[in-house]
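Okay, structure first, notes after.
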Amino acid sequence: MLSVFAGQVGGRGNLDGTGTNAWFYNPEDVAVDTAGNLFVADRSNQVIRKITSAGVVTTFAGVAGKCGAVDGAGSAAEFCEPSGITIDGAGNLYVTDFLNSTIRKITSAGVVSTIAGVAGPSDPVDGTGPNARFNSPYGIVLDAAGNLYVTDSGADTIRKITPAGVVSTVYGATYQAGSTDGVGVSARFSNPRGIAIDAAGNLYVADAGNNIIRKITSAGVVSTLAGSGQAGSVDGSGTSAQFLIPFGITVDATGNLYVSEQSFSVRKITPVGSVTTFAGVNGQSGSVDGDSTTARFSYLYGVTVDSAGNLYVADGGNNSIRKITSTGVVSTVAGAVAQTGTTNGTGTTARFNDPQGVAVDATGNLFVADVTNNTIREITSAGVVSTFAGSAGQSGSSDGTGTNAQFYGPCGVTVDANGNLYVAELYNHTIRKITSAGVVTTLAGSAGHAGSVDGTGSSARFDYPTGVVVDVAGNVYVTDAGNATIRKITSAGVVSTLAGSAGAYDSVDGTGSDARFENPIGIVMDGAGNLYVADASANNIRKVTSAGVVTTLAGSGQAGAVDGSGANAQFNGPSFITLDSAGNLYLADNGNNTIRKITPTGMVTTVVGRPGIAGFTAGALPGVIARPGGIAVYGTTLYATMDNAVIKVASVP
């Protein structure tokens, strides 16, 4: 059974589900149909998602994680960073396919076609259908006559597409950024993003590069409606107001505009140009639901409004879709929001910030390297989380006891039979030791000094050490990722290079310095003294004997998600690795969002998670997980870090 042991799962993913059980990855824009269904341009997932009025999220078109330019129905189609989205009365969607520089149409049945442009970067050209060219189209809106208007952000222009597919440049001049008001192509824009239209046919543009909001009348007259051009978040009237990189824009039935900007707030502009902050607080990011002043957002992009006056905002920084009522009350419609923090507590009340390495002691207590918090956290077998060493949020290299010590990017962690911890510290380029009483010392390396020098204690040098393991004699072994080597540290602090050659990145079997690694991350040792290394960039698992003989245990070297024996298996960014009492390896296959098992003979199977699906589903295996990191086994229970939580697998296969 799969469950959350500590922290709260959430973040970027591609899992369908209901409400906050669904996962998004940088949603960029949102549109609403007459039935109240939302459609989301889920940009970094390369898909279009649908959210019903009941909050059920499905993938409407495209293949998650696959960037392409294929027309077809549903999952047969491919997009490459779809960014803007709008909908017509018949339920057809129109999408700006940002990296393909094309405009796509999706019927209500999910059939995708390309209506303008040809996939691939190019200079803008007016023309019909595939004869036209765009440069990073972003925002899109439809007028009453069926004409589409597109902000061609890379070209600093506004383009028009007629129902017959004829593309023309109607406002701005290609590659001539500026803020000049005027008529038609005499006006200038700078990186225009969102675009909206009112009942009278006036267009409104979030002119991101100029930090202003532009109005374009039906006669083609471009003026500056609001914003001084100075970056900021100041309420006021017309050009006395300030915006900070406005991205999304929409207009309600009474002519009020709503603008989402990168100051983490949504602004309201009345028809006469009076600007106020409608929801969120300037400069205060977060993910908090509530009234207009208590709510918090993170990197807002597209925004739309329904017939009842409710706003829906693509909260890209939180990988969620937020709803704001006409009275300013904010709630999360869909998306599993990452909950980061430094809070100690029990189970899901605790908070982490990018936990990676995890180790378990003889009594079942876990120790977690909480990378961005710069701390080592302890979790008891009952799930009680406390800070064992380091000062939360403070980076440094001070030795000391408990929270008086400081770390900078603790990554890998291991524990010896006496309860001493050893920590591979990424950004200090050091190996630290923590006694069972919490006393922190620097075992080897010099804080802030990267290199590849063998020697004793502080005279040695490492370069982004990631993984660490200790043998029964007290020797510590380190995956020195930046150097692509395996290092050994004796109990007296003498550092030597066991295998690999510093700066020689490859995947070659051999002995000692004749062997090559690409990006070794995780490391573990069996009872016979053999090391096993997860070589992330090489997508394989290496075995290193005590004499430094390196062989490849499993993996073809090609990225993939294939189970099988030895070189027939494929991995995708394997990170940390652990060993059970029977000699089976368990591997966090980060890029595949899975945990893999490798028997002593090299047979690889997938035991947790589904390749290509990122999110979290508790319960019976295989379940769904996202980007597993550190991994440890205690008896028949497996623990792994995942985003900002520690997950638990009872009775591992």
Tell me which residues come under 5 Å, amide H to amide H, from ASN644 once H is placed; ignore anything under 5 positions away on its chain.
-> GLY10
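Would you please classify the overall shape of segment 578-620 from the alpha carbon gyration tensor, given that a ≥ b ≥ c denote the square roots of the eigenvalues, rounded means a/c under 1.5, and beyond that prolate means a/b larger than b/c while oblate covers the rest?
prolate
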Averaging sequence separations of C-alpha pairs under 8 Å and six or more residues apart, then dividing by the length of the chain, give the relative contact order as a whole percent.
-> 9
With a ≥ b ≥ c from the Cα gyration tensor eigenvalues, square-rooted, and the rule rounded for a/c under 1.5, otherwise prolate when a/b > b/c and oblate otherwise, segment 447-506 is oblate
Only Lys, Arg, Asp and Glu count, each charged at its Cβ (+1, +1, -1, -1), so figure out the dipole size of segment 32-127 about its Cα centre, rounded to 20 debye.
-> 300
Quick one: if you stick a label point 7 Å off each Cα along the C-beta vector at GLN394 and THR551, how many nm between them?
-> 5.0
Contour minus end-to-end for ALA618 and SER75, with contour as 0.36 nm per residue of separation and end-to-end as the Cα-Cα distance?
-> 192.9 nm
DSSP beta bridges in the chain [antiparallel fraction, %, rounded to 5] | 95
With each label point set 7 Å from Cα along the Cα-Cβ vector, what nm distance links ASP126 and SER459?
-> 7.5
With x for Gly and Pro, the residue-by-residue ³J(HN,Hα) of segment 372-381, computed from phi through the Karplus equation 6.51 cos²θ - 1.76 cosθ + 1.60 at θ = phi - 60° and given in whole Hz, is 6, 7, 6, 9, 10, 9, 10, 10, 6, 4
Please identify the cysteines of the chain that lack any partner cysteine with a Cβ under 4.7 Å from their own Cβ.
-> CYS411
In whole Hz, what ³J(HN,Hα) sequence does segment 299-312 give by Karplus (6.51, -1.76, 1.60; θ = phi - 60°), x for Gly and Pro?
-> 6, 7, 10, x, 9, 9, 9, 9, 5, 8, x, 7, 8, 10
Area accessible to solvent at ARG610, 1.4 Å probe radius, in Å² | 120
Does segment 7-61 come out rounded, prolate or oblate by the C-alpha gyration tensor, with a ≥ b ≥ c the root eigenvalues, rounded set by a/c under 1.5 and, if not, prolate when a/b is larger than b/c and oblate if not?
-> oblate
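Got a sec? What order do SER168, SER153 fall in by accessible area at 1.4 Å, biggest, i.e. largest, first?
If we order SER168, SER153 from most to least accessible, we get SER168, SER153.
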By how many nm would the segment from THR363 to SER108 lengthen if fully extended, with 0.36 nm per residue of separation less the alpha-carbon distance?
-> 86.1 nm
For THR325, THR239, write out the residues from largest to smallest accessible area, computed with a 1.4 angstrom probe and no ligands counted.
-> THR239, THR325
Note down the magnitude of the dipole of segment 40-187 about its Cα centre, charges +1 on Lys and Arg C-beta and -1 on Asp and Glu C-beta and zero elsewhere, to the nearest 20 debye.
-> 340
What figure in square angstrom, to the nearest 10, would you give for the accessible area of HIS429 with a 1.4 Å probe?
-> 20
Mind ordering 44-50, 219-225 by average Cβ neighbours within 10 Å, highest first?
-> 44-50, 219-225
Which residues qualify? For PHE24, with a placed amide H closer than 5 Å and at least 5 residues away or on another chain, they are GLY13, ALA336
Protection proxy ranking, peptides 72-78, 440-446, average beta carbon neighbours within 10 Å, highest first | 440-446, 72-78
What is the distance in Å between the Cα centres of segment 133-207 and segment 246-261?
-> 16
Which order do VAL329, VAL313 take when ranked by solvent-accessible area (1.4 Å probe, heavy atoms of all protein chains), largest first?
-> VAL329, VAL313
Modelled label reach - THR346, point 7 Å along Cα→Cβ, segment 375-396 residues with backbone N closer than 18 Å | 378-387
How far, in nm, would the chain grow between GLN230 and GLN176 when pulled straight, counting 0.36 nm per residue and subtracting the alpha carbon separation?
-> 17.5 nm
Solvent-accessible area of VAL494 with every protein chain in place, 1.4 Å probe, in Å² to the nearest 10 | 70
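The values are calculated or read from the model by the stated rules, or taken from the named source; none is laboratory data. Given the structure is predicted, the values throughout are model-derived calculations rather than measurements. FYI the Cβ positions are ideal-geometry reconstructions off the backbone, even for glycines, and counts take in every protein chain you see. What goes into the accessible areas is simple: the full protein's heavy atoms, side chains included, and nothing from ligands, DNA or RNA. Shrake-Rupley method; radii C 1.70, N 1.55, O 1.52, S 1.80 Å.
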